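> Structure provided below as structure tokens; questions to follow.
The values are calculated or read from the model by the stated rules, or taken from the named source; none is laboratory data. From a predicted model like this one, the values you see are computed outputs, not experimental measurements. A quick note on method: Cβ atoms are made from the backbone with ideal geometry, for glycine too, and the neighbour counts reach across all protein chains shown. When the accessible area is computed, the model is the full protein with side chains, heavy atoms only, and any ligands, DNA or RNA have been set aside. Shrake-Rupley method; radii C 1.70, N 1.55, O 1.52, S 1.80 Å.
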Amino acid sequence: MNYNGVDFDTYLKHYPDENGYFGKYGGAYISDELRSAMEEITEAYFTISKSGKFINELRRIRREFQGRPTPISHLERLSGKCGRVQIYVKREDLNHTGAHKLNHCMGEALLAKYMGKKKVIAETGAGQHGVALATAAAYFGLECDIYMGAVDIKKQAPNVARMKILGANVIEVTDGLATLKEAVDAAFAAYAKDYKECIYCIGSVVGPHPFPMMVRDFQSVVGIEAREQFTEMTGELPDAIVACVGGGSNAAGFFAGFLNDPVDIYGVEPLGRGSKLGDHAASLTYGTEGVMHGFNSIMLKDENGEPAPVYSVASGLDYPSSGPEHAFLHDLGRVKYDVVNDDETIDAFFTLSRLEGIIPAIESSHAVAYAMKLAKKMEKGSILVNLSGRGDKDMDYIIEKYGIR
Ligand SMILES: *Cc1c(COP(=O)(O)O)cnc(C)c1O
């Protein structure tokens, strides 16, 4: 399928290009030390991860350890409430550790093992990526250093405990505001010093090349499975697919399976409390082009052009940019990016729990909320939502802040 000059038959092969660009977005805006480290990873990725041995091992791990393929569920009662459209969910909440993040962490850690690395390094904000990577490191017998802001360590005690139980070192970062941005800087600095022994494992389709490509490719198992399962279940393709977008990894992997199909694709960003800067994290909707954390994309900036403070009820969506591929698909118009606010999200959280017996992550609740709105607008057809994770991690927070609705 050709869409605005881009050939989607061969898209995954040609995007990004060899320098990591999706159109004008992506690339690697980094120091020379990090550049050699990224070149080493890129080279290893293209040789090792395309080998039959690696592919077979990852397949086996996904089946035997992760619980893949995850099923698709038809949401009959939720569909009935929203009109005549049938809503389905791809159950990434049923992955081991409860979210899609393990898909790329197992891939990245397996690559580390093949490269002979001893240690994996990463940053974490809410701790979800840290837990997934600590899990992968334990599985492969790798050391694991997780950099985390002091403020986040206090807020996310259960995830800090999980990482420690899994054997990871949680390294407290006290610079600046002591949250995710400082943790990213500290983790990259540690990595630049020690890149011969270790590998950086990023948490989403962000950062310098090759990460946006690598993470998308590891996550594309979601979209490839979903397309096959959905057509087997219903005999046709969905009319629309929906995923939430923070950094954009669950969306990128899910969309990858459908980009070449006559399917409407929606990425949902968090509108939070409203459209004022600082009240949301809808970077593609309200942002402008700029470079941060080593890549060029669309981002939310403050008056000095620095990454702006952002807010979302979902800590996993709380990032002032999104991966370069999303910026590209946004400009191209192949994916439509839209927003839902906190209230709509919390309403979807309870509605899905009550009507279907599935407690979604607050991040994923954004996608569910959007699908409910979209279903009411469509006359007929089907919507497939990527349910990126389960809501166990969010229950205490929701009860404290919103009570039982
Ligand atoms: C981290 C997380 C997200 C956001 O990350 P993306 O890279 O945008 O997918 C979404 N859903 C869940 C459940 C998460 O844990």
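> Going through region 248-350, which GluC sites (Glu not before Pro) have at most 13 other Cβ atoms within 10 Å and a DSSP loop state?
Sites meeting the loop and neighbour criteria: 303.
> Could you please put 258, 46, 328 in sequence from largest to smallest accessible area, using a 1.4 Å probe?
46, 328, 258
> Give me the percent of Cα-Cα pairs in region 235-358 that sit more than 23 Å apart, rounded to a whole number.
33
> Something else: In sequence order, what are the phi-derived ³J(HN,Hα) couplings for region 366-383 according to the Karplus relation 6.51 cos²θ - 1.76 cosθ + 1.60 with θ = phi - 60°, rounded to whole Hz, with x for glycine and proline?
So the Karplus estimates, Gly and Pro as x, are 4, 5, 5, 4, 5, 4, 5, 5, 5, 4, 5, 7, 7, 6, 7, x, 9, 10 Hz.
> Any idea of the accessible area per residue across the chain, 1.4 Å probe, to the nearest Å²?
On the way: 16060 Å² over 405 residues.
Accessible area per residue: 40 Å².
> Using 7 Å Cα-to-Cβ label points, what is the residue 354/residue 197 separation (nm, one decimal)?
Going by the 7 Å Cα→Cβ label model, 5.5 nm.
> Using amide H atoms built in the peptide plane, which far-off residues or other-chain residues are under 5 Å from residue 289 H to H?
Amide H neighbours of residue 289: 299.
> Something else about it: So, with a 1.4 angstrom probe, what is the percent of accessible area on the chain that is carbon and sulfur?
Roughly 50 percent of what the probe reaches on the chain is carbon or sulfur.
> List the trypsin sites (Lys or Arg not before Pro) within region 286-382 that fall in a DSSP loop (any state other than H, G, I, E or B) and whose Cβ has at most 12 other Cβ atoms within 10 Å.
Within region 286-382, the qualifying trypsin sites (Lys or Arg not before Pro) (loop, at most 12 other Cβ atoms within 10 Å) are 380.
> Another question, then. In Å, what Kirkwood hydrodynamic radius results for the chain from the alpha-carbon pair distances?
Mean inverse Cα-Cα distance, inverted, gives 20.9 Å.
> Applying 1/(1 + (r/R0)^6) with R0 = 60 Å to the Cβ-Cβ distance of residue 169 and residue 84, what FRET efficiency is obtained, to the nearest 0.05?
Calculated transfer efficiency: 0.70.
> Okay, moving on. Only bridges whose two residues both fall in the chain count here: according to DSSP, what percent of them are antiparallel, nearest 5?
On the way: 18 of 53 bridges.
Of those bridges, close to 35 percent are antiparallel.
> Just flag the trypsin sites (Lys or Arg not before Pro) in region 54-104 sitting in loop per DSSP whose Cβ has no more than 12 other Cβ atoms within 10 Å.
Within region 54-104, the qualifying trypsin sites (Lys or Arg not before Pro) (loop, at most 12 other Cβ atoms within 10 Å) are 84.
> Another question, then. If you take every residue apart from residue 137 with its C-beta less than 15 Å away from the C-beta of residue 137, what net charge results, scoring Lys and Arg +1 and Asp and Glu -1?
+2
> With an 8 Å Cα cut-off and a minimum separation of 6 or more residues, compute the relative contact order for the chain in percent.
This gives 20 percent for the chain.
> Please work out how much accessible surface residue 339 shows to a 1.4 Å probe, ignoring ligands, DNA and RNA, in Å² rounded to 10.
20
> With the convex hull built on the Cα atoms of region 175-269, state its orientation-averaged projected area in nm².
It is 7.8 nm².
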